[in-house]
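Encoded as structure tokens, the structure appears first; notes follow it.
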Amino acid sequence: MSIKTSVAVVLVLLAAPILAMAQTVWVDDPSNPVIPAPGPGDWDAERYLGAVIEVDGTYHMYFSGRTGGPGVQNYEIGHATSSDGVTWEMDPANPVMTLGDPGEWDDGTLWVGSVIQDESGFRMWYGGNDGQFCRTGYATSPDGSLWTEYPGNPVMDVGPAGSFDAQWALLDTVIVQDGHYQAWYWAADPSSRWSIGYAESDDGLSWTKHPVPVINSGWAPEVLFDGQLFSMWYSVGGPSAADISYAVSPDGVEWTPYLENPVIAAAALPAVVYDSEDGIFVMWYGVFDFSIRRATSDCCSTIFSSFVPAAAYAAGAQGSFFRTDLDLSNASGSAVQYELWWLPRGQDNSEPIVSDTFSLGAGMSVRYANVLAEVFGLEPDALGALGISSSSPHLLAMSRTYNRPGDGAPGTYGQSMPAIAPDELIRYGERRRILFATEDEEMRTNVGCQNATPATAIIDLELFSAEGTSLATQRMTLPPLGNDQINRIFQGFAPINGYVEVWTPRAGDAFYCYGSVLDNTTSDPTTIPPM
């Protein structure tokens with residue numbers, strides 16, 4: 001095998017985490033595409049970005065390419081350099097990494113993984129496919145161009161049959177701190193269900209895998225560490241219809257996806273560098289004409305966000321009057337800062353009403369009775385949802401929405417609902433079911449939905465009888481961060497017991513729906529989460 005490399009640097013980001021509502025905003029370079037789509041017949045007529053690093057003022061980009069067409073060469077690895085990240089010069093030796101000899105572990109396809117540069121030179125982890133499995137190999141280089149393959153390759157094998165990485169295990173980002181290696185890898189099972197795994201090593205050659213994925217739906221992770229927090233950009237969706245999402249983690253294992261994902265739509269395979277001189281993040285990413293584009297961002301939000309999808313200070317049916325209490329608890333060992341957002345029903349909430357910033361000490365809890373009145377000063381009738389942004393993933397939240405009986409009798413009726421984290425949202429490709437739906441003289445069922453994205457979301461709902469007969473479909477179109485509720489969703493089919501299925505037909509949408517089954521006499525509600 002002949003080789004010449006890929007590159008990725010461990011960066012220390014000096015900016016402290018900030019509490020802000022705005023999403024991570026990426027601005028496309030006016031020169032885009034910085035590397036145009038290749039021409040027919042080029043060796044890299046089909047090109048996929050792999051990695052970018054900066055070494056001594058020079059950017060090195062690595063990508064996988066092939067001539068294209070059935071039966072033509074499989075992917076090999078190319079290299080380009082740039083002094084500014086915009087104007088690129090292709091390596092005349094491309095492809096700089098070529099396939100292994102027939103019968104070797106990497107004789108089918110090569111994929112760019114991770115590259116770092118240190119006092120020993122350039123070091124690469126790359127994917128080799130033998131037509132059945134993709135494993136990770138290792139190579140070294142004195143200059144980032146001429147490479148020597150490690151004789152003990154592959155250094156990471158696929159997992160056992162039935163595991164999440166039984167088909168594919170490609171180390172995509174490697175970070176070294178004090179001689180200890182942390183890595184995030186692109187994993188797949190035989191059904192091509194992609195996820196992101198985590199592994200550690202003391203030498204970069206022998207790896208210990210975390211037993212389960214750290215991101216259940218995603219691929220091609222790019223991770224940076226700022227000394228306190230890990231940031232990940234990763235692809236979500238299929239190879240021809242993907243978006244780039246963002247997540248943060250205090251330890252590299254427990255990840256919280258950004259509430260307003262995706263950060264770049266219709267794109268994949270991010271490569272991110274922090275420019276410490278200009279104080280900005282620079283991303284190169286691929287699009288589906290095989291060109292490569294560049295974007296910059298001076299704002300990478302490190303907030304942890306969640307939704308309480310139903311909140312009220314309003315009259316309901318049967319003489320009820322609902323209000324919402326909110327209980328927050330700090331389960332971390334240090335103080336947490338947080339904000340609350342009011343997201344009125346049926347409105348475009350691109351610019352939500354945001355509370356003051358509050359602080360909650362380690363181990364402490366706080367309860368807001370009738371939170372819409374206490375925090376936001378709202379008057380009846382207010383219906384909608386709450387957003388919570390905090391400086392820690394360990395701020396726990398639980399709501400209770402309740403009413404007093406219409407005759408003024410003592411006691412209350414109510415339902416509790418926890419805050420919904422980003423990994424609990426319903427996304428494209430998922431279909432969830434809401435059970436216990438009932439419509440008769442005694443009970444009624446409502447379905448509420450919350451859009452978790454800064455763009456319009458489409459939600460489809462299908463109603464089924466208990467026998468599994470499809471009764472009807474409905475479509476809910478929600479504005480940015482909007483929410484709505486369908487009351488008595490089975491009213492036209494009473495008396496009936498059944499269920500509702502919810503999904504989105506559009507990539508990039510993310511939402512949450514729940515059911516609420518109410519007693520017609522007391523309006524006592526029961527929350528039914530999606531399953």
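Here are some notes:
- Put simply, the amide H of residue 508, placed in the peptide plane, has neighbours under 5 Å in 428, leaving out anything fewer than 5 places away on its chain.
- Sorting the segments 287-296, 207-216 by their residues' average number of neighbouring beta-carbon atoms within 10 angstrom, most packed first, yields 287-296, 207-216.
- Cβ-based exposure ranking for 173, 67, 445, in which fewest neighbours within 10 Å come first: 67, 445, 173
- Farthest toward the positive end of the dipole of the stretch 304-418, out of 418, 321, 387, is the Cα of 418, where the dipole comes from beta carbon charges about the Cα centre.
- Since only 498, 175, 511 are under comparison, the one whose Cα sits farthest along the positive direction of the charge dipole of the chain, derived from C-beta charges on Lys, Arg, Asp and Glu, is 498.
- Mean Cα-pair separation over length for the chain, i.e. relative contact order, pairs under 8 Å, 6 or more apart, %: 12 percent
- Based on C-alpha pairs under 8 angstrom that are at least 6 apart in sequence, the stretch 304-418 has a relative contact order of 40 percent.
- What you get for the chain, charging only the Cβ of Lys and Arg (+1) and of Asp and Glu (-1), is a dipole of about 1320 debye around the Cα centre.
- Listed values (i) 39, 26, 22; (ii) 57, 31, 23; (iii) 48, 25, 20, entry calculated as semi-axes √(5λ) of the Cα gyration tensor in Å: (iii)
- Assigned charges on the beta-carbon of Lys, Arg, Asp, Glu; the stretch 304-418 dipole about Cα centre (debye): 320 debye
- Placing +1 on the Cβ of every Lys and Arg and -1 on the Cβ of every Asp and Glu, with no other charges, gives the stretch 387-531 a dipole of roughly 420 debye about its Cα centre.
- Along the stretch 378-383 the Karplus relation, 6.51 cos²θ - 1.76 cosθ + 1.60 evaluated at θ = phi - 60°, assigns HN-Hα couplings of 7, 10, x, 9, 10, 10 Hz to successive residues, with x for each Gly and Pro.
We did not get these values from a lab; they are worked out from the coordinates using the rules stated. Everything numeric in this text was worked out from a predicted model, so none of it was measured. No Cβ is skipped: glycine too gets one built from the backbone with ideal geometry, and neighbour counts run over all protein chains shown.
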